[in-house]
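Nothing in this text is a laboratory measurement; each read-out follows from the coordinates by a stated rule. Remember, predicted model here, so these are calculated numbers, not experimental data. Don't worry about glycine lacking a Cβ; one is built from the backbone with ideal geometry, like all the others, and counts go over all protein chains shown.
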Amino acid sequence: MIDLLVFTLHVVAAAAVFTKRWQEEGTGEALLAIAFMALIFFVGWGMASFAVKLILPPEGLGRFFNRDSAGLVLLTIAEAFFYYFYFRSDPKNPDEEA
């Protein structure tokens, strides 16, 4: 269940980033942003799974929170911080408008 929630959250974030970049920069930039997100997700998933396997036992912390779920949650938290700073809009400088 946690895995489904994490994957759904990633799909929603990808759609939001695609729409934002498409409106601001165009189709090419939007597709590039999605490709970048996919690359970060797949590489990060492998790294997070490796790190969690060093810490958690094979059964995890319960029936619904196994090693794979813990790795995906760790990845999602790390991605949230990274994407917040990477995809946020730069504040407009009041001197530029004058």
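If you average 1/r across every pair of different Cα atoms in the chain and take the reciprocal, what Kirkwood value do you get, in Å?
15.2 Å
Over the chain, with a Gaussian network built from C-alpha contacts below 10 Å, which listed residue (Phe81, Phe41, Phe65) shows the highest mean-square fluctuation?
Sorting by GNM fluctuation, first place goes to Phe81.
Beyond 13 Å, what percent of the Cα pairs of segment 24-67 remain?
Value for segment 24-67 (Cα pairs over 13 Å): 65 percent.
Using a 10 Å cut-off around each Cβ, can you sort Ser49, Ser69 from fewest to most neighbouring Cβ atoms? Show your work: numbers first, answer last.
Values: Ser49 16, Ser69 20.
Lowest count first: Ser49, Ser69.
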